[in-house]
Structures are given as structure tokens and as C-alpha cells.
Amino acid sequence: FQDIRFRQALSLSINRDEINELIYFGEATPRQAAILPEVSFYKKEWGSAFAQYNKEKAIRLLDEMGLKRDSDGNLLRPDGKKLSAIINVAEAEGSQVKVSELVSQYWAEIGFTGVVKPVAQNLLREMRTSNGGEIIVFHLDRCGEAFGVRGNPFWQCPCESTFWQARAWAL
């Protein structure tokens, strides 16, 4: 996870257009997790960075990293065990559970195993606070100018103890 190519590969392997059609009936805008385009200092590349579906490029990035595979094509950790992570998602967020299941299928196609685990929202918050989850899925509802980016900057930068992303780094 510390190698940026790994995170780029995971992102490139997600078919956002298919997710949009299957889950959101074509009404969503496939993009990267970033602040909204309406924000005054938004840059287009933030929403499009590694958001285009490109499974072949994802596999190339993983190969460049030197990751090994078993005979079934599964990525291996340095100790020879299968590379996997639990994808924790709030069970009450039905569409997020469905999206996470699709993402785990896309990741399996490049050899990474993501196991979807729906959990209660209070447990998800506890996992976040304690830096206890391998992957935690939650919606981006604080990405607009007034409420999130300018109104509550702690949602975007590690300046408060409630910072969502990279909890240990923020502390």
C-alpha cells in the first residue's frame, strides 16, 4: 500500500462506467474521489487521475513493482501468502456495499483479493478512530466549498483528531 503504483493500479482496475450503469442507472459521474468540480480551486486532473478503467496498465504497474503471483494469478506478499485486505463498509449504506462488491471483483481480475465485510456504522467509526481497518469505505459528503472544503477543513487535511484518512499519519 505504501507504493503509489499499487494504489494507482487498484484505481485503474475499477470500472467506474460499469458501476455507474449497474448501481446508479447511469445518473452518476464516474470520477476519482476528490473535491467537487464546483469548488473554486478545483483542478480537472484531480477528478480524472487514474479514474479511467485500464486493467492492462494496472497489471503492468503491479509487475513493475516486482510483485509475485501464484499459479492462479493471485498477488503474493513478500512472505509468500496471498495479498488480500478486508474492505469494511457500512451495512446501512446499501449502494456502497454493492459498489464494494463490484470493486472486489475488479481487483480479483488483477490478482488482488478484497473481502467485503459490511459492518455497523458505529463499528466503522470506531475502526477509523483506532486506525483499525485495512480498507474503510464511506461516502464523500463533505467535498463542496461551503460545507466541507472551506467550512470544515478538518475533513480534508490532518489538522484535527477527527481526520478520516490516514488516521495514524494525521495523529
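The values are calculated or read from the model by the stated rules, or taken from the named source; none is laboratory data. Keep in mind that this is a model prediction, so the values were computed, not measured. Cβ sites come from the backbone with ideal geometry, for glycine too, and all protein chains shown count toward neighbours. For the accessible areas, the whole protein counts, side chains as well, though only heavy atoms, and no ligand, DNA or RNA atoms are used. Shrake-Rupley method; radii C 1.70, N 1.55, O 1.52, S 1.80 Å.
A few points about this structure:
- Violating pairs (Cα-Cα greater than 31 angstrom) within the set K43/K68; K43/K82; K43/K98; K55/K81: K43/K68; K43/K82
- Note that segment 1-76 presents 64 Å² accessible area per residue, ligands and nucleic acids not counted, probe 1.4 Å.
- Here the peptides 100-110, 74-84 are ranked by packing, the mean other Cβ count within 10 Å, and the order with the highest first is 100-110, 74-84.
- With a cut-off of 12 Å between beta carbons, the residues surrounding P118 carry a summed charge of -1, where Lys and Arg count +1 and Asp and Glu -1.
- Test item: Cα-centred dipole of segment 10-103, Lys/Arg +1 and Asp/Glu -1 on Cβ, debye: 380
- The distance from the alpha carbon centre of segment 1-59 to that of segment 70-89 is 23 Å, rounded to a whole number.
- Percent breakdown of C-alpha pair distances by 5 Å bin, ordered from the shortest bin, for segment 21-89: 3, 12, 13, 16, 17, 15, 13, 7, 3, 1
- Charge sum, other residues only, whose C-beta stays under 11 Å from V99's C-beta, Lys/Arg counted +1 and Asp/Glu -1: -1
- 4 °C / 1.567 mPa s Stokes-Einstein diffusion coefficient of segment 1-143, Kirkwood radius on C-alpha pairs, µm²/s: 80
- Distance between the modelled labels on R77 and F41, one decimal in nanometres: 3.9 nm (7 Å Cα→Cβ projection).
- Between amide H atoms placed 1.01 Å from N, distances below 5 Å from I86 occur with V115, E134, I135, all of them 5 or more places distant or on a separate chain.
- Comparing Q96, S11, G26 along the charge dipole axis of segment 1-128, the residue lying farthest to the positive side is S11, per the Cβ-charge model.
- Annotation: for a label point projected 7 angstrom from Cα along Cα→Cβ of Q121, residues of segment 78-106 with backbone N closer than 13 Å are 90-96.
- Highest mean packing comes first when the peptides 88-96, 117-125, 35-43, 12-20 are listed by Cβ atoms within 10 Å, giving 12-20, 88-96, 117-125, 35-43.
- Approximate spin-label separation Q8-T29, in nm, with each point projected 7 Å along Cα-to-Cβ: 2.5
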